[in-house]
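What follows is a single structure, written as structure tokens, with notes after it.
The values are calculated or read from the model by the stated rules, or taken from the named source; none is laboratory data. Not measured: the values here are computed from a predicted model. Every residue, glycine as well, gets a Cβ built from its backbone with ideal geometry; the counts of neighbours run over all protein chains shown. The accessibility values were calculated without ligands, DNA or RNA, using every heavy atom of the protein model including side chains. Shrake-Rupley method; radii C 1.70, N 1.55, O 1.52, S 1.80 Å.
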Amino acid sequence: METILQAENIERCYTIGKTTLNVLKGVSLEIKAGETVAIMGESGSGKSTLLHVLGGLDTPKAGSVHFMGKSVYGMSAARRARFRAQNTGFVFQSFHLLPELDILENVALPAMTQRSTGNAKERAAELLKEVGLGERIGHRPQELSGGEQQRVALARALMNEPDLIFADEPTGNLDSKTGDKVLHYLFQLAVGRGHTLVLVTHNETVAARCSRQLLLKDGLLI
Ligand code: ADP
Ligand code: MG
């Protein structure tokens, strides 16, 4: 299968005052199109940092990330922003929805620069139906439960039909029953349609649903 994302020798550190924390010490990985990859590791091991680097959100100190053969950090910032918008979808632990917008607008937002507004809203409504929120379209995020908000975030991540979906502990703020429902939709919609998924999780049962499991430990992937 085709390699969709390749990371080589990624290094990332954080410097606060005189202290430098080396979080990623030379991480390499290759992800094939259609794969589902779970990244596990203790809290603070650098999972979120790695996901951000892979998704074009955070420039590493050293190393490279290639998306379909193109260097993500070799691109201009504008081109990289387009890569993020067109080719990636992110689901974060804490939903990150905009409280001023209703959920239809939240889901449609990533497409507003690319499609006509009418088409974007139609597709957003379709996605909300698919995550079981068709009846809630005019509601604001704060009128929904945590699990429902995360399903909105999932619909938003799928809006532009991204090649790659990154989910960073998407059920970390949810109780297990609510979390299971979010995962059901994540696997059904993201994986069922052949998107590639990179999922950070603490939960071994969840990780086992992915086709490959990786462990981040002491700044390296095992
Ligand atoms: P994980 O997602 O595995 O819990 P993170 O990638 O969030 O880990 O963080 C890895 C380490 O880097 C942690 O020790 C964290 O405190 C530190 N860290 C993360 N982001 C920053 C930042 N912006 N500034 C300084 N330290 C950070
Ligand atoms: Mg994290």
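Quick rundown of the values:
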{"read-out": "Residue, surrounded by the fewest Cβ atoms within 10 Å (Cβ to Cβ), within the range 1-56, restricted to residues that are within 10 Å of ligand 1 (Cβ to nearest atom) and in a loop (DSSP other than H, G, I, E, B)", "value": "SER43"}
{"read-out": "Condition check for THR201: out of contact with any Phe, Trp or Tyr (no Cβ under 8 Å at 6 or more places or on another chain), at pLDDT below 95 and within 16 Å of ligand 1 (Cβ to nearest atom)", "value": "yes"}
{"read-out": "Condition met for THR171 (in contact with a Cys (Cβ under 9 Å, 6 or more places away or on another chain) and within 16 Å of ligand 1 (Cβ to nearest atom))", "value": "no"}
{"read-out": "Scope the range 164-195; condition touching a strand residue (DSSP E or B) at 6+ places or on another chain (Cβ under 6 Å) and closer than 12 Å to PHE90 by Cα; matching residues", "value": "LEU164, ILE165, PHE166, ALA167, ASP168, GLU169, PRO170, ALA190"}
{"read-out": "Unmet requirement for GLN93, which otherwise passes all of (1) modelled with pLDDT of 95 or more; (2) of a type outside the set (Gly, Ala, Ser); (3) open to solvent by 20 Å² or more (accessible area, probe 1.4 Å)", "value": "(1)"}
{"read-out": "Of all residues making up the range 1-23, the number that are in contact with a strand residue (DSSP E or B) (Cβ under 8 Å, 6 or more places away or on another chain) and more than 13 Å from SER64 (Cβ to Cβ)", "value": "11"}
{"read-out": "Search result, residues across the range 134-153 that are under 12 Å from LEU101 (Cα atoms) and more than 21 Å from the chain's Cα centre (by Cα)", "value": "ILE137, GLY138, HIS139, ARG140, GLN142, GLU143"}
{"read-out": "GLU42, sole failed condition from (1) closer than 30 Å to GLY147 by Cα; (2) more than 16 Å from ligand 2 (Cβ to nearest atom)", "value": "(2)"}
{"read-out": "Only listed residue being in contact (Cβ under 8 Å) with a residue 24 or more places away in the chain and within 16 Å of ligand 2 (Cβ to nearest atom), chosen from GLY146, GLY172", "value": "GLY172"}
{"read-out": "Total residues in the range 180-201, condition within 21 Å of GLY147 (Cα to Cα) and in contact with a Gly (Cβ under 7 Å, 6 or more places away or on another chain)", "value": "2"}
{"read-out": "Matching entry among THR59, THR36 (being over 30 Å from ARG140 (Cβ atoms), more than 16 Å from ligand 2 (Cβ to nearest atom) and touching a Phe, Trp or Tyr at 6+ places or on another chain (Cβ under 6 Å))", "value": "THR59"}
